[in-house]
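The values are calculated or read from the model by the stated rules, or taken from the named source; none is laboratory data. These numbers come from a predicted model, not from an experiment. Backbone-built Cβ (ideal geometry, glycine too); neighbour counts: all protein chains shown.
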Amino acid sequence: MGAVDPTYPLFPIANILSAAMLLLVLLTSLVRQSWNLAVGFLCFWLLVDNVTTAANSIIWSDNADVKLYAYCDIVTHLQVITSVVKPMATLLITRRLYLIANLQSVEPHRKGKGERLWDTAVEWTLCLFVPLLVAGPIYYANQGLRYFVNEGFGCTAAKFVSVLELLTVESWTVIPPLISVMFYYPKVARIYYRQSKDAHSFLRSNSSVSHTNYLRILVLASIDILLMLPAGIVNVTLEIIAALSRPDDFPFYYGWTILHTDWDPVALPYAEQQGFGTAALVQSYFVFWTSPVLAFAIFGLFGLTSEARTSYWRIVCTVCGWFGRKPTALEQVGRTSLGDIEFGARSQVDAETGLRTSSPVEVATAVATMVDDRIEAPEPRADLKLMAKHVDEASFEETCECDAEGGTTAAGGTSSDGERFQDADALGLKENVSDVPVL
């Protein structure tokens with residue numbers, strides 16, 4: 001029997017690829033020690049959710065067998081955690097952007113102890129403790145079955161719809177994005193688009209976030225809101241409509257005894273899922289696809305920067321080093337610090353003789369050196385005139401010898417800082433730290 005999901009195997013492949021991309025983003029952030037706590041929590045829980053969803057869609061691709069009880073218990077609770085973390089992370093991201101838009105520093109070392117403790121408490125509470133609370137006792141109080149087994153998608157959480165369940169479980173998917181849209185996001189967007197000059201000035205003076213990173217995080221918050229808020233509203237609306245169609249089955253609370261009696265898992269074949277209606281099936285697909293789409297967006301914003309690619313290369317070289325492979329010459333050049341390199345004035349090579357012709361700076365330096373030597377040890381005046389005439393005629397056409405030891409020109413120490421950095425930029429050796437993503 002083939003897979004019942006018409007998108008198979010696209011769905012599990014998308015989840016596996018998105019999980020690998022999120023792992024790369026987390027590893028590069030760990031290497032650079034650069035973290036945005038809300039984005040970090042979002043990446044971690046999305047990674048876990050995508051891995052388990054890929055496994056579910058493969059294991060139950062063509063069946064609705066009730067099996068792997070312990071695994072399904074863990075996965076269903078992780079699904080509830082992720083459903084709360086995604087809107088909470090959106091709220092924290094827009095809150096951080098709101099602080100920047102109000103020209104407030106987000107750097108921990110520039111804040112007072114009380115402010116640091118408050119920010120830390122808010123972020124850890126919203127992205128960890130609240131999701132654990134919802135997925136633990138609150139979900140258990142509204143859990144009518146051990147779990148559902150949906151053919152094609154695997155085990156899913158079994159929440160019985162009631163007024164209390166909508167207020168304590170489903171509301172978390174709607175309220176945080178609404179707060180972001182109503183209070184934080186308008187201010188952030190207005191500052192960025194209408195008062196960009198002031199915001200850019202602050203971003204240049206505030207090392208906690210660059211203009212590029214500000215834009216990346218703003219785009220991520222926008223995508224997250226566009227995905228999570230409609231999904232939450234549609235989900236709650238469909239549940240309310242279905243419940244109102246059977247008023248007797250929509251109480252304020254079913255009661256502990258009713259919910260926790262006959263707790264065996266229930267299988268839902270794909271034909272039965274189709275019987276719930278096209279809208280319900282489309283809504284299920286939309287919810288399942290939000291995690292991989294959001295993961296692809298995160299990788300596109302934070303995983304393809306030049307600094308991220310450099311971190312990938314360092315990770316590869318580190319792994320190769322474990323197997324005794326030495327770094328290549330190209331990597332060693334990339335590791336050379338700018339302070340160890342001196343750039344002199346560029347020399348020209350004569351096409352006919354193949355010898356390097358001296359530059360104007362070299363000629364001037366050579367003249368100054370000869371004159372100084374002549375002052376210290378005077379020679380007959382006829383020789384001095386002959387030497388000056390020789391130098392004047394040579395100018396830019398005569399060749400001069402390279403340094404016998406290292407080939408360093410005499411002008412190496414007289415080049416200006418601007419010339420040195422222009423050459424460094426031409427060779428790609430200047431570090432670009434403006435696009436380091438904050439995670």
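Consider Leu304 carefully, then state whether it is surrounded by fewer than 17 Cβ atoms within 10 Å (Cβ to Cβ) and either over 19 Å from Val234 (Cα atoms) or aromatic (Phe, Trp, Tyr) (or both). Answer is yes for this residue. Whenever a residue of region 258-281 is assigned by TED's automatic domain parsing to the domain that holds Lys159 and surrounded by 12 or more Cβ atoms within 10 Å (Cβ to Cβ), its partners that are assigned to a loop (DSSP other than H, G, I, E, B) and small (Gly, Ala, Ser), lying with C-beta atoms within less than 6 angstrom and at least six residues away or across chains, give the pairs Leu259/Gly144; Ala267/Ala64; Pro269/Ala64; Tyr270/Gly152.
Residue-wise test of (1) under 16 Å from Phe153 (Cβ atoms); (2) surrounded by fewer than 22 Cβ atoms within 10 Å (Cβ to Cβ); (3) touching a strand residue (DSSP E or B) at 6+ places or on another chain (Cβ under 9 Å); (4) of a type in the set (A, V, I, L, M).
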| site | (1), (2), (3), (4) |
| --- | --- |
| Pro9 | yes, yes, no, no |
| Asn15 | yes, no, no, no |
| Leu23 | no, yes, no, yes |
| Gly40 | no, yes, no, no |
| Leu46 | no, no, no, yes |
| Asp49 | yes, no, no, no |
| Asn56 | yes, no, yes, no |
| Ser83 | yes, no, no, no |
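When Thr52, Thr76, Thr7, Thr28 are screened for being under 26 Å from Val319 (Cα atoms) and of a type in the set (S, T, N, Q), only Thr28 passes. Taking region 140-166, which residues are under 19 Å from Thr261 (Cα atoms), of a type in the set (Phe, Trp, Tyr) and at pLDDT 90 or above? Once the filter is applied, which keeps residues that are under 19 Å from Thr261 (Cα atoms), of a type in the set (Phe, Trp, Tyr) and at pLDDT 90 or above, region 140-166 yields Tyr140, Tyr147, Phe148. What are the pairs, 6+ residues apart or on separate chains, where a residue within region 60-89 that is closer than 16 Å to Leu145 by Cβ and in the same structural domain as Cys155 (by TED's automatic domain parsing) has its Cβ under 6 Å from a residue that is in a helix (DSSP H, G or I) and not hydroxyl-bearing (Ser, Thr, Tyr)? From region 60-89, the pairs are His77/Ala135; Val80/Ala135. For Arg116, indicate whether it is surrounded by fewer than 18 Cβ atoms within 10 Å (Cβ to Cβ) and of a type in the set (D, E, K, R). Considered against the rule, which asks whether it is surrounded by fewer than 18 Cβ atoms within 10 Å (Cβ to Cβ) and of a type in the set (D, E, K, R), Arg116 comes out as yes. In the set (1) modelled with pLDDT under 95; (2) buried (at least 19 other Cβ atoms within 10 Å of the Cβ), the condition left unmet by Val106 is number (2).
On the basis of being aliphatic (A, V, I, L, M), closer than 24 Å to Phe286 by Cβ and assigned to a helix (DSSP H, G or I), does Ala64 make the cut? Here the answer is no, as Ala64 does not meet what is asked.
Residues being assigned to a helix (DSSP H, G or I) and under 26 Å from the mean Cα position of the chain (by Cα) are entirely absent from region 143-163.
For region 127-170, a residue qualifies if it is farther than 20 Å from Asn235 by Cα, free of Cβ contacts under 8 Å to residues at least 60 places away in the same chain and among the hydrophobic types (A, V, I, L, M, F, W, C), and the qualifying residues are Phe129, Val130, Leu132, Leu133. Just one of the listed residues (Ile217, Ile225) is modelled with pLDDT of 80 or more, at negative phi and either in a helix (DSSP H, G or I) or exposed (fewer than 15 other Cβ atoms within 10 Å of the Cβ) (or both), namely Ile225. Among the residues making up region 1-33, those that are in a helix (DSSP H, G or I) and polar (S, T, N, Q) are Asn15, Ser18, Thr28, Ser29.
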